[in-house]
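Trainee: Here you go, one structure.
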Amino acid sequence: MDTTQELREAADLPYNVFAKACPSRGTLEHVTGRWGGLTLCALQEGALRFNELRRRVDGVSEKMLSQTLHALERDGLVLREAQPTNPPRVDYELTPLGREVAERLLGLVHLVEGRMDDVLAARVRYDAARGAL
């Protein structure tokens, strides 16, 4: 099926990520953004506390992880469970919808990781053709 046909069919859906005002676009951004995708994939392994998650998603700041978790929780992808203990314990885990999304993201992650030799070779060819170092 060609892209034009696919876009036409997508326009018939009640939500259309290609439409500027469609709420699905925001959720797609939360899921596919650098920290959202990594957070969902990390939580696919099981429930994690905030600092465990922060260590797992190497490079994310506390502020960005907090914002990411809030956005994913609001979208119904992540469940935040606060335990009434002293000190307080907060666990994050995927909802059923979050697990479904994370499974699909992991497929993409595995594809990209498995083809990195091809990607790196393409980068070398690209840079060589343009005289970059």
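The values are calculated or read from the model by the stated rules, or taken from the named source; none is laboratory data. Quantities reported herein were computed from a predicted structural model and do not represent experimental measurements. FYI the Cβ positions are ideal-geometry reconstructions off the backbone, even for glycines, and counts take in every protein chain you see. Ligands, DNA and RNA are stripped out before the accessible areas are found, and what is left, the full protein with its side chains, is counted by its heavy atoms. Shrake-Rupley method; radii C 1.70, N 1.55, O 1.52, S 1.80 Å.
Trainee: Of all the accessible heavy-atom surface of the chain, with the other protein chains kept in place and a 1.4 Å probe, what percent is carbon and sulfur?
Mentor: Of the solvent-accessible surface of the chain, carbon and sulfur hold 54 percent.
Trainee: If you don't mind, another one. From the alpha carbon gyration tensor of the stretch 12-72, can you work out the equivalent ellipsoid semi-axes (sqrt of 5 times each eigenvalue) and give them in Å, largest to smallest?
Mentor: After diagonalising the Cα gyration tensor, the semi-axes are 27, 11, 8 Å.
Trainee: Give me the mean projected area, in nm² to one decimal, of the convex hull enclosing the Cα positions of the chain.
Mentor: With the hull built on Cα positions only, its mean projection is 12.0 nm².
Trainee: Here is a further query. What order, most packed first, do the peptides 106-115, 33-42 have when packing is the mean number of other Cβ atoms within 10 Å of each residue?
Mentor: With the highest mean Cβ count within 10 Å placed first, the list reads 33-42, 106-115.
Trainee: Quick one: compute the contact order of the stretch 15-133, relative version, from alpha carbon pairs under 8 angstrom and 6+ residues apart, as a percent.
Mentor: Dividing the mean separation by the residue count of the stretch 15-133 yields 22 percent.
Trainee: I would also like to ask the following. Helix 96-114 versus the longest principal axis of the chain: what angle, 0 to 90°, nearest 10, using Cα atoms?
Mentor: With both axes taken from Cα atoms, the answer is about 40 degrees.
Trainee: Ok, one more. Just the Kirkwood number for the stretch 77-133, please: inverse of mean 1/r across all distinct Cα pairs, in Å, one decimal.
Mentor: 14.9
Trainee: Report, to the nearest 10°, how far helix 62-74 tilts away from the longest principal axis of the Cα atoms in the chain, using its own Cα long axis and a range of 0 to 90°.
Mentor: Once rounded, the angle reads 90 degrees.
Trainee: Kindly rank 70-83, 15-28 from highest to lowest mean number of other beta carbons found within 10 Å of each residue.
Mentor: Descending packing order for the listed peptides: 70-83, 15-28.
Trainee: What order do you get for 92-103, 43-54 when each peptide is scored by the mean count of other beta carbon atoms within 10 Å, highest first?
Mentor: Highest mean packing first, the order is 92-103, 43-54.
Trainee: Rolling a 1.4 Å sphere over the protein heavy atoms, what is the accessible area per residue of the chain, to the nearest Å²?
Mentor: Value for the chain: 73 Å² per residue.
Trainee: Run lengths n ≥ 4 of DSSP H only: what is the helix-derived mean residue ellipticity at 222 nm for the chain, with -39500 (n - 2.57) per run over all residues, to the nearest 500?
Mentor: Helix contribution divided over all residues of the chain: -19000 deg cm²/dmol.
Trainee: Still on this structure, I have one more. How big is the stretch 41-117 on each of its three principal axes, counting only the C-alpha atoms and giving the largest first in Å?
Mentor: Cα extents, longest axis first: 48, 26, 19 Å.
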